[in-house]
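K.L.:
Sharing a structure here in structure tokens format.
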Amino acid sequence: RKKIILDTDPGIDDAMAILFAQAHPDIDLVGITTVYGNATIENGTRNALYLKEKFNFSCDVAKGTAKPIQRPPVGATVVVHGETGFGDIHSSEPKHACADPRPAYQYIIDTVKANPGEITLVTVGPLTNIALALDAAPEITSLVKEVVVMGGAFGMNGHRGNVTPYAEANIHDDPHAADKVFTADWPVVIVGLDVTEESFFSAGYIDDLKAEGGKVGEFIWDVSRYYLRFYANKLGLEGCHVHDPSAIAYVIKPELFTLREGPIRVVTDGPAEGLTLQKFDGRRHQTDDWAEMPEQKVGIAVNDKELLALYRDSI
Ligand code: BDR
Ligand code: CA
């Protein structure tokens with residue numbers, strides 16, 4: 001089984017990803033680490049603990065950081081994920097489940113060191129906790145198996161962003177952290193809007209999850225009502241893109257994705273703040289800092305039919 005720590009800002013599609021990871025037999029969900037983003041850190045952490053208690057997860061939950069490392073906070077994405085992150089559902093305070101005493105970045109460091117070469121870090125929120133872990137313990141780069149990131153957009157489907165024309169939400173929330181994570185010397189795979197917007201959960205597909213997926217399917221249906229209203233009102237779509245669950249799908253079945261290799265950077269300020277760039281042409285340039293940078297991977301195509309079947313079967 002593949003051991004993962006899921007770093008998340010729960011978040012409606014984050015909940016879909018958490019439940020996917022928990023459901024699939026090939027994944028050993030060791031820990032959930034929370035980060036601000038879709039919701040405040042308090043609401044997001046309570047949402048994670050609520051899921052842990054409701055569905056009896058054995059994994060740890062560690063509370064992460066409340067704000068980006070450098071830029072001013074963008075604030076919770078209320079319009080997409082609701083006032084407290086879970087749409088119409090207001091998660092109650094957990095009765096038994098409690099968070100690990102360590103902050104998320106320390107939990108990540110300790111868990112990676114205790115399982116050298118075995119942990120895949122899957123990130124579906126802003127990358128702040130991971131950047132803090134890198135700052136405090138740079139040696140983890142040689143101990144992590146892989147870093148799988150939902151974030152960014154490389155223009156494959158014509159999109160470079162969803163928050164601004166040139167920035168995707170997770171990267172826009174903390175571009176400095178993202179740049180640090182992508183330029184570190186460890187294997188990074190990015191599952192960005194290029195692939196997550198190529199998979200679509202139609203309203204009918206989610207109805208089927210409810211009908212066939214027991215309590216988990218019912219919860220996914222309930223939590224997604226607010227999200228689907230956002231998609232209908234703002235984007236004119238009857239259903240939603242498959243952002244965060246796509247990162248879990250990559251861990252389970254990487255062969256569903258076509259990847260492109262090359263170093264990655266993030267624009268950290270100015271009008272294109274949060275823009276993700278990959279150099280993949282192999283050409284040389286007069287001044288070429290890029291030549292020294294680690295080769296990372298970006299998803300440029302996905303088998304969406306199989307991804308949807310994998311998700312439904314898991315739930
Ligand atoms: C990403 O931003 C958040 O709203 C979602 O949870 C996802 O992680 C998509 O851009
Ligand atoms: Ca997310």
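Read-outs: derived from the displayed coordinates by stated rules, not from any lab. Note that the structure is a prediction, hence the values are computed from the model and not measured. As a convention, Cβ positions derive from the backbone with ideal geometry for all residues, glycine included, and neighbour counts pool all protein chains shown.
K.L.:
Take every DSSP beta bridge whose two residues both sit in the chain, then give the antiparallel share in percent to the nearest 5.
P.N.:
If we restrict to bridges inside the chain, about 35 percent are antiparallel.
K.L.:
Over region 96-167, what relative contact order in percent results from Cα pairs under 8 Å that are six or more residues apart?
P.N.:
31
K.L.:
Relative contact order (percent) for region 1-129, with alpha-carbon contacts under 8 angstrom and 6 or more residues of separation?
P.N.:
Contact order relative to length: 36 percent.
K.L.:
Taking only the alpha-carbon positions of the chain and ignoring solvent, what does the Debye formula give for the base-10 log of I(q)/I(0) at q = 0.07, 0.13, 0.14, 0.15 Å⁻¹?
P.N.:
The Cα Debye sum returns log10 ratios of -0.24, -0.87, -1.03, -1.20.
K.L.:
Still on this structure: Using a 10 Å cut-off around each Cβ, can you sort H243, H176, H96 from fewest to most neighbouring Cβ atoms?
P.N.:
H96, H176, H243
K.L.:
Ok, one more. Taking springs between alpha-carbon atoms closer than 10 angstrom, which of L259, L275, L49 fluctuates most in the Gaussian network model of the chain?
P.N.:
L259
K.L.:
Can you compute the helix-only [θ] at 222 nm over the chain? Use -39500 (n - 2.57) per DSSP H run of at least 4 residues, normalise by all residues, nearest 500 deg cm²/dmol.
P.N.:
-10500 deg cm²/dmol
K.L.:
Looking only at V79, V61, V148, which one moves most when the chain is put into a Gaussian network model with springs between Cα atoms under 10 Å?
P.N.:
V79
K.L.:
Among Y231, Y36, what is the fewest-to-most ranking by other Cβ atoms within 10 Å?
P.N.:
Y231, Y36
K.L.:
Taking the beta-carbon count within 10 Å as an exposure proxy, list V191, V242 from fewest neighbours to most.
P.N.:
Ordered from fewest to most neighbouring Cβ atoms within 10 Å, V191, V242 come out as V242, V191.
K.L.:
Any idea how many Lys pairs in region 43-131 come in under 23 angstrom at the alpha carbon, given 8 or more places apart or on separate chains?
P.N.:
Eligible lysine pairs with Cα atoms under 23 Å apart amount to 6.
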